[in-house]
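J.: My questions all concern the structure below.
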Amino acid sequence: MKLAQTRLQQLGPYPFERLSALFSGPSQNSQLEPIDAGAGEPRLPLPAFVQPTLDEHIGGFSRYPSTRGDIGLRQAIARWLERRYNLNGIDPNRNVLTANGTREALFAAAHALINPEADEKPYVLMPNPMYQIYLGAAVTAGGIPYLLPCEAENGFEPRLETVPEDVWRRTALVYVCSPSNPTGWVAEAAYFEHLLKLADEHDFYVLSDECYSEIYWQTPPAGLLEVAAGLGRSDFERCLVFNSLSKRSALPGMRSGLIAGDAELIERFAKLRSYTGSATPLPLQHVAIQAWQDEEHVQQHLTGYRASLRAFFDEYGTENIPSGSFFCWLPVENDEAFAVAAYEQQAVTILPGNYLGATNDQSYNPGSGYVRVALVDGPEKAAELARRLKAVKA
Ligand SMILES: Cc1ncc(COP(=O)(O)O)c(C=O)c1O
């Protein structure tokens, strides 16, 4: 084996690179205005507090931000978690870290928490299909990804019952994504309870990606920390949650997120970040403080997302409204062929589902046969998108 060969080589290209490659041949219908429903990037006006807060704190660009994040921001995050999940006693010094968006945090967490030199290689469990960062994190940290298929007949729940005892024994981490990108599945409290019971039995950590927690169809989704507290685990033992201003506040370009939970895990993570992490610039951290303190803009966004979902499904004609997130996970015959046809015939960009899945030992990829459609452009475009997708002939 070459000395310079890295674990990175085990990974394929990222889904959006595959999408660019897929669309490099076919040409988009130039008669229609393009609709980009490929990336999960909210496109909403900036919340009103952004500009004045930036103006006030602009001088902060001349200082290095501290790796853990400004204490004012950690306090705002702790209070938000307490309000949102009816918790108390979240210590901004012990239980909270800030991150330059959760993408890097979700990736780095595996590197901070698993031991690739254990006698037997550790497993990292994750939903399939999934936000591909979990897969990249597991592989590069030296773990073995173990895929939990999420299928329509089980409401897209990543099924814990299917995991063999031998895998549980070697499990180091479990990634949960609720609300789920791409399927829209939302974990009930009982799911987290079951997972925590298994975590105690088999000595692993639960990493809960809750980035879409404020985008839901009916009831606010349960969070891992609130379930842990309800079980009397007020120290949040074995739990880390990840959340972000990218979706909640429609500020993906700000790169601001949170990590919260078990103080010991936070400490390990902080140590890793002291070597690798750089925090969000200070003026942006001040904007982030405002964003965690204000629910009005979040409610406005939610109203808009719901209107878009309603408009899309009224037009599309099925009642597959996701419980959470702004993604529609639509069954099609052949996902790549459908995405190409949508691009060529209707000037629509969507993501083939198999790019968001991984293929297991039995050559099965549960993302195949679906496309992911992001509703990020408001109700009118959502209805137009549905009309165009219905007209696709693949
Ligand atoms: C499931 C999920 N988790 C995490 C992220 C990362 O978001 P950010 O790094 O902007 O906080 C995304 C972004 O698309 C996502 O879909």
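The values are calculated or read from the model by the stated rules, or taken from the named source; none is laboratory data. Not measured: the values here are computed from a predicted model. All Cβ positions, even for glycine, are placed from backbone atoms using ideal geometry, and neighbour counts span all protein chains on display. All accessible areas refer to the heavy atoms of the entire protein, side chains included, with ligands and DNA or RNA removed. Shrake-Rupley method; radii C 1.70, N 1.55, O 1.52, S 1.80 Å.
J.: How many lysine pairs are close in the chain, with Cα atoms under 30 Å apart and the two 8 or more places apart or on different chains?
T.: Taking the chain as the scope, the lysine pair count is 9.
J.: Average the reciprocal distances over every distinct pair of alpha-carbons in segment 295-394, invert the result, and give the Kirkwood radius in Å. Can you show the working numbers first?
T.: Values: mean 1/r = 0.0706 Å⁻¹.
Evaluated over segment 295-394, this radius sits at 14.2 Å.
J.: Considering only protein heavy atoms, what per residue accessible area in square angstrom results for segment 64-293 with a 1.4 angstrom probe? Let's see the in-between values first.
T.: On the way: 8240 Å² over 230 residues.
Using a 1.4 Å probe on heavy atoms only, each residue of segment 64-293 averages 36 Å².
J.: Starting from the amide H of W217, placed 1.01 Å from N in the peptide plane, find each other amide H under 5 Å away whose residue is 5 or more places distant or on another chain.
T.: G324
J.: Percent of accessible area on the chain owned by carbon and sulfur, 1.4 Å probe?
T.: 49 percent
J.: Also, quick follow-up: Please turn the phi angles of segment 137-144 into ³J(HN,Hα) values with the Karplus equation 6.51 cos²θ - 1.76 cosθ + 1.60 (θ = phi - 60°), one per residue in order, whole Hz, x for glycine and proline.
T.: Going residue by residue, I get 5, 4, 5, 6, 7, x, x, 10 Hz, with x marking Gly and Pro.
J.: Once amide H atoms are built 1.01 Å from N in the peptide plane, which residues 5 or more positions from V371, or in another chain, come under 5 Å H to H?
T.: The answer is L330, V332, G353.
J.: May I pose another question? Please tell me the relative contact order of the chain in percent, rounded to the nearest whole number, where contacts are Cα pairs under 8 Å and at least six residues apart.
T.: Numbers: 799 pairs, mean separation 96.9, N = 394.
Dividing the mean separation by the residue count of the chain yields 25 percent.
J.: Students sometimes get this wrong: rank K381, K393, K197 by accessible area, probe 1.4 Å, all chains present, largest first. Write out the running numbers ahead of the final one.
T.: Working: K381 65, K393 150, K197 125 Å².
Ranked from most to least accessible, the order is K393, K197, K381.
J.: Read phi for every residue in segment 355-370 and hand back ³J(HN,Hα) as whole Hz from Karplus 6.51 cos²θ - 1.76 cosθ + 1.60, θ = phi - 60°, with x for Gly and Pro.
T.: 5, 9, x, 10, 8, 8, 4, 8, 6, 10, 10, x, x, 5, x, 9
J.: May I pose another question? Give the average over all directions of the projected area of the C-alpha convex hull of the chain, one decimal, in nm².
T.: Result: 20.4 nm².
J.: Report ³J(HN,Hα) in whole Hz for each residue of segment 224-232, in order, from the Karplus equation J = 6.51 cos²θ - 1.76 cosθ + 1.60 where θ = phi - 60°; Gly and Pro get x.
T.: 4, 5, 5, 5, 4, 4, x, 8, x
J.: Still on this structure, I have one more. What ranking of S308, S66 comes out by heavy-atom accessible area, probe 1.4 Å, highest first?
T.: On the way: S308 5, S66 60 Å².
From most exposed to least exposed: S66, S308.
J.: What are the residues whose amide H is under 5 Å from the amide H of I144, where those residues sit 5 or more places off or on another chain and H is modelled from the backbone?
T.: Y123, V124
J.: To continue, here is another question. Which percent, to the nearest 5, of DSSP beta bridges fully inside the chain are antiparallel?
T.: Values: 17 of 37 bridges.
In the chain, approximately 45 percent of DSSP beta bridges are antiparallel ones.
J.: Could you give the length gained by full extension between V167 and F23, i.e. 0.36 nm per residue of separation minus their alpha carbon distance, to one decimal place? Present the calculation step by step, with values, prior to reporting the outcome.
T.: On the way: separation 144, 0.36 × 144 = 51.84 nm, distance 3.89 nm.
Going from the current span to full extension adds 48.0 nm.
J.: Separate question: Please report the orientation-averaged projected area of segment 167-312, defined via the convex hull of its C-alpha atoms, in nm².
T.: Working: hull surface 40.9 nm².
Mean projected area of the Cα convex hull: 10.2 nm².
J.: Can you give the percent of C-alpha pairs in segment 64-293 whose distance is more than 34 Å?
T.: Summing the P(r) tail past 34 Å for segment 64-293 gives 8 percent.
J.: Can you give me the P(r) profile for segment 106-236? Cα pairs, bins 10 angstrom wide beginning at 0, each as a whole percent.
T.: Going out from 0 Å in 10 Å bins, segment 106-236 shows 13, 44, 36, 6, 0 percent.
J.: As a check on your grasp of the helix formula, calculate [θ] at 222 nm for the chain: sum -39500 (n - 2.57) over DSSP H runs of n ≥ 4, divide by the residue count, round to the nearest 500. Before the final figure, lay out the partial values.
T.: On the way: 14 runs with 153 residues, N = 394.
Helix contribution divided over all residues of the chain: -11500 deg cm²/dmol.
J.: Now for a different question. Could you pull out which residues in segment 280-308 have an amide N less than 14 Å from a spot 7 Å beyond the Cα of R83, following the Cα-Cβ vector?
T.: Correct set: 288-300.
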